[in-house]
Amino acid sequence: MPRNPKHLTIGTVINPEVRGVEWESRVDDLEDDIMLMPSPAPELEVATPEAGDEILVAWNRPPHRYRVMTQMLGRVGERWRLRIVGEPEPVTRRTFFRGGGGEAALLRHEEDTQWQVATVEDISEAALRCAVTDLQFVEGDPVQARVTLGERHFDASGTVLLTREAEKPDEPAEVVILYMLTESQAQQVRRYLLEWQLAERRRASADDE
């Protein structure tokens, strides 16, 4: 792997992904293409990969996000030993994990003081899709969003990517907003989506019983 300040270093906060489950971890050690990271906490219910299994690892190096493919080599105590098998590549907006739905949001034009109530349809670190009863935005509008995730909220400025008028009188319209979050806000979204993902898995398991 190239020695480049954009890329991984010891202590970097990372997001490994195994079989559709993503969580937050860190680089404990890194030498050439061999990386050590802590084993995921038991409550995350992540199955330990077999030797040779591929694990996608993503991380932020503001203002960008990167990812690289790794290969499981085995466990060393309570840590996973991985080999980096690809070159780091920038993550585009379309590759951010999206999830959630039903959360409360407020939207407004940048120059306005009046908020419009909205409902989140899905959210990622790069974009927000909301349902609104009264579509007041057009593509390209600079907007502000306030999104409530659990017991916390965050404020972000962004741009309307697209809108969709309601197809029926009793259906909501849609608005998609692109934004650039701070690292702390991005971590808040990632943690919330991890909790949401785990809750969805538990709900699906309960339905199958």
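Just so it is clear, none of the values below were taken in a lab; they were calculated from the coordinates. All values derive from a computational prediction rather than experimental measurement. FYI the Cβ positions are ideal-geometry reconstructions off the backbone, even for glycines, and counts take in every protein chain you see.
Would you work out if the range 111-209 is rounded, prolate or oblate? Take a ≥ b ≥ c from the square roots of the eigenvalues of the alpha-carbon gyration tensor; rounded if a/c is under 1.5, else prolate when a/b is larger than b/c, oblate otherwise. Oblate.
A Förster radius of 25 Å, combined with the Cβ-Cβ distance separating Ala47 from Glu151, puts the computed FRET efficiency at roughly 0.25.
Counting other Cβ atoms within 10 Å as a rough exposure proxy, the listed residues Ser184, Ser157, Ser39, Ser124 run Ser184, Ser157, Ser39, Ser124 from fewest neighbours to most.
Remark: Glu165, Glu110 ranked as Glu165, Glu110, counting other beta-carbon atoms within 10 Å and listing the fewest first.
With the convex hull of the Cα atoms taken as the outline of the chain, the averaged projected area works out to 14.1 nm². Taken about its Cα centre, the chain carries a charge dipole of roughly 660 debye when the Cβ of each Lys and Arg holds +1 and the Cβ of each Asp and Glu holds -1. Based on DSSP H segments of at least four residues, each scored -39500 (n - 2.57), the chain has a per-residue ellipticity at 222 nm of -4500 deg cm²/dmol.
Placing +1 on each Lys and Arg Cβ and -1 on each Asp and Glu Cβ, with no other charges, gives the range 104-201 a dipole about its Cα centre of roughly 400 debye.
With r as the distance between the Cβ atoms of Asp28 and Ala199 and R0 = 30 Å, compute the FRET efficiency 1/(1 + (r/R0)^6) and round to 0.05.
So, using R0 = 30 Å, E works out to roughly 0.60.
Between amide H atoms placed 1.01 Å from N, distances below 5 Å from Asp29 occur with Leu36, all of them 5 or more places distant or on a separate chain. Working from the Cα coordinates of the range 13-91, the gyration tensor eigenvalues give, after taking √(5λ), semi-axes of 19, 14, 12 Å in decreasing order. Our estimate of slack between Thr182 and Val138, defined as 0.36 nm per intervening residue step minus the Cα-Cα distance, is 13.3 nm.
Placing unit charges on the Cβ atoms of the charged side chains and taking the dipole of the range 59-201 about its Cα centre, the candidate lying farthest along the positive direction among Val85, Ala126, Val68 is Val85.
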